[in-house]
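Scroll down for the structure; my scribbles are underneath it.
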Amino acid sequence: PDLFEAPDYYNIDDLLTEEHKLIRDAARDWVKRDVSPIIEEAAQDAKFPKSIIPGLAEIGAFGPYIPEEYGGAGLDQISYGLIMQEIERGDSGVRSTASVQSSLVMYPIWKYGNEEQRKKYLPKLATGEWMGSFGLTEPDHGSNPAGMVTNFKDKGDHYLLNGAKLWISNSPFCDVAVVWAKNEEGRIHGLVVERGMEGFTTPETHNKWSLRASATGELIFQDVKVPKGNLLPNKSGLGAPLGCLDSARYGISWGVIGAAMDCYDTALRYAKERVQFGKPIAAFQLQQKKLAEMITEITKAQLLALRLGQLKNEGKATSAQISMAKRNNVDMAIKIAREARQMLGGMGITGEYSIMRHMMNLESVITYEGTHDIHLLITGLDITGENAFK
Ligand code: TGC
Ligand code: FAD
């Protein structure tokens, strides 16, 4: 099939460096070649396509901004965003795998780990030889992770970990999991749990209608003996996992632009070709309204993400600014997917086109990494000083 173009209505490319464009184009080419042709079948079969792991590593999707000395790509935040955009043009589930590996597994090991931990884990995670997962959410604690009950006790030469995490991306095949748990004083710490540790299991969650090409599951800990050297020593408290989320949410604010662009491209092309009542449906005002609003919203989202990327590069982006971009851009993408799907009529519900898959995927994206409502309340707290969570 004729694969995507990239709408750039406000010449945003002129604001990118040559390096940004090279990195973006390499990711785009790889997605066209290695993801788009296989992703529909993977989603229909509800299987994560493991064959794409080396390709993800090659385009720098595992640890784009992690320094090269640890195997990362050593790129800036805008490059990270552009890579996420191109991957999610293919599929949000594939982008999820990259987000988790980079921002939720490599980032905490890099930022909160010691040198020994960085050297042990980061290079293997960067090549995809080891895949990681991130365990924060629990069956009874989703939006409110502070209430978590997963805990560890100091047993002298090791920790004893007990509890369970639910809705964990990559869990069924992960080699390592960064797990957030409370110590005996109730303080939250990150622990690196490795597959093979006795009492650690990762059952898969089946029957999802969303992110079907991404494997989701549980992390269950029954008296797991975790070596003391696996505790991330340099940061504790809820702020530690929330710091990782800031990085992943930022990547999502770019990623979903890719999904929206793919829906828009597809709907525009279809509308020009599909003839009803003697003219292409693109000639009808109602269809033009949909397309005009889509490109307007994509353009606004691009500018928001780019400015946020500049702030991140300068170390100035606040968590509340990141929440605003995640919330706005995911909402933009899901609305575009819903409108674009209607524009394809009956064809829109089939796997011949990517739109319905994007639409269903985005139902997860609007829920994970902080729901639409939670991000609104973060903005509300930031502008009023009143905390609606407490
Ligand atoms: P609160 O009292 O506000 O804060 C506790 C401590 O954390 C600090 N903090 C942050 N630090 C870094 N980054 C942030 N974004 C931070 N937000 C807060 C804060 O300063 C404080 O530090 P200290 O030193 O004073 O202790 O915490 P709260 O319990 O009231 O909760 C606030 C709330 C609701 C915003 C937070 O719990 C939240 O964001 N909830 C949503 C949960 C969530 O997003 N879960 C995501 C799980 S991972 C996932 O979904 C992966 S999907 C796969 C993929 O990415 O593709
Ligand atoms: P709940 O917190 O129970 O929320 C239910 C509803 O109540 C939501 O609409 C919410 O907005 C609303 N609500 C909650 N609190 C408030 C409030 N104070 N005010 C107003 N409304 C409120 N987690 C991980 O740790 N790691 C992962 O890798 C991961 N991957 C995921 C992959 C998928 C496919 C999915 C679906 C989820 C994943 N998650 C992961 C979990 C995700 O982060 C949670 O689902 C999300 O944080 C919401 O938690 P919950 O599902 O328990 O919903």
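Annotations for the structure displayed:
- Of residues in the stretch 128-155 being aliphatic (A, V, I, L, M) and buried (at least 16 other Cβ atoms within 10 Å of the Cβ), the one nearest to residue 178 (Cα to Cα): 136
- In the stretch 294-390, counting only helices (runs of 4 or more DSSP H) that sit wholly within it, the ones holding 3 or more residues that are more than 22 Å from residue 39 (Cβ to Cβ), of a type outside the set (Phe, Trp, Tyr) and more than 13 Å from ligand 2 (Cβ to nearest atom) span 319-343, 372-384.
- Residue in the stretch 94-111 that is part of a loop (DSSP other than H, G, I, E, B) and not small (Gly, Ala, Ser) present: no
- Of the residues making up the stretch 169-190, those that are buried (at least 23 other Cβ atoms within 10 Å of the Cβ) and assigned to a strand (DSSP E or B) number 7.
- The stretch 347-363 residues that are over 28 Å from residue 327 (Cβ atoms), paired with ones that are part of a helix (DSSP H, G or I) (beta carbon under 9 Å, 6 or more apart): 347/270; 350/356; 351/40; 351/41; 351/43; 351/44; 351/357; 352/40
- Taking the criterion of being of a type in the set (Gly, Ala, Ser) and in contact with a Ser or Thr (Cβ under 9 Å, 6 or more places away or on another chain), the residues of the stretch 143-196 that qualify are 143, 163, 164, 169, 171, 177, 181, 190.
Rundown of residues vs (1) more than 16 Å from ligand 1 (Cβ to nearest atom); (2) within 20 Å of the chain's Cα centre (by Cα); (3) more than 18 Å from residue 226 (Cα to Cα); (4) not acidic (Asp, Glu), yes/no style:
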position	(1), (2), (3), (4)
131	no, yes, yes, yes
139	no, no, yes, yes
178	no, yes, no, yes
183	no, no, no, yes
187	no, no, no, yes
195	yes, no, no, yes
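- Residue that is farthest from ligand 1 (Cβ to nearest atom) [pool: residues in the stretch 202-216 that are crowded, with 16+ Cβ neighbours inside 10 Å and of a type outside the set (D, E, K, R)]: 202
- The condition (being in contact with a Lys or Arg (Cβ under 6 Å, 6 or more places away or on another chain), closer than 24 Å to residue 87 by Cβ and not polar (S, T, N, Q)) is satisfied by just one residue among 258, 217: 258.
- Scanning the stretch 120-149 for residues that are aliphatic (A, V, I, L, M) and within 16 Å of ligand 2 (Cβ to nearest atom), we see that the one that is farthest from residue 164 (Cα to Cα) is 125.
- Within the stretch 111-127, the residues that satisfy the criterion of being buried (at least 20 other Cβ atoms within 10 Å of the Cβ) and within 16 Å of ligand 1 (Cβ to nearest atom) are 112, 125.
- Scan of the stretch 217-230 for residues that are in contact with a Phe, Trp or Tyr (Cβ under 7 Å, 6 or more places away or on another chain) and crowded, with 21+ Cβ neighbours inside 10 Å, ordered by number: 221, 224, 226
- Considering residues of the stretch 271-289 that are not aromatic (Phe, Trp, Tyr) and not in a helix (DSSP H, G or I) only, the residue surrounded by the fewest Cβ atoms within 10 Å (Cβ to Cβ): 278
- Beta carbons closer than 6 Å, at least 6 apart along the sequence or on distinct chains, pair a first residue in the stretch 234-257 that is more than 9 Å from ligand 1 (Cβ to nearest atom) with a second that is of a type in the set (A, V, I, L, M, F, W, C) and assigned to a helix (DSSP H, G or I) for 250/322; 253/305; 253/325; 254/84; 254/305; 256/330; 256/333; 257/301.
- A single member of 166, 75, 160 is away from ligand 2 (no atom under 14 Å from the Cβ), out of contact with any helix residue (DSSP H, G or I) (no Cβ under 9 Å at 6 or more places or on another chain) and not in a helix (DSSP H, G or I), and it is 160.
- As a summary of the residue check, residue 83 satisfies the conditions (1) within 15 Å of ligand 1 (Cβ to nearest atom); (2) more than 19 Å from residue 26 (Cβ to Cβ) except for the one numbered (2).
- Close pairs (7 angstrom Cβ cut-off, 6 or more residues apart or separate chains): free of Cβ contacts under 8 Å to residues at least 40 places away in the same chain in the stretch 127-141, aliphatic (A, V, I, L, M) and within 12 Å of ligand 2 (Cβ to nearest atom) anywhere: 137/166; 138/148; 138/164; 138/166; 139/164; 139/166; 141/148
Every number here is computed from the coordinates shown, using simple stated rules; none is lab data. As the structure is a computational prediction, the values presented were derived from the model and not from experiment. Every residue, glycine among them, receives a Cβ derived from its backbone with ideal geometry; neighbour counts consider all protein chains shown.
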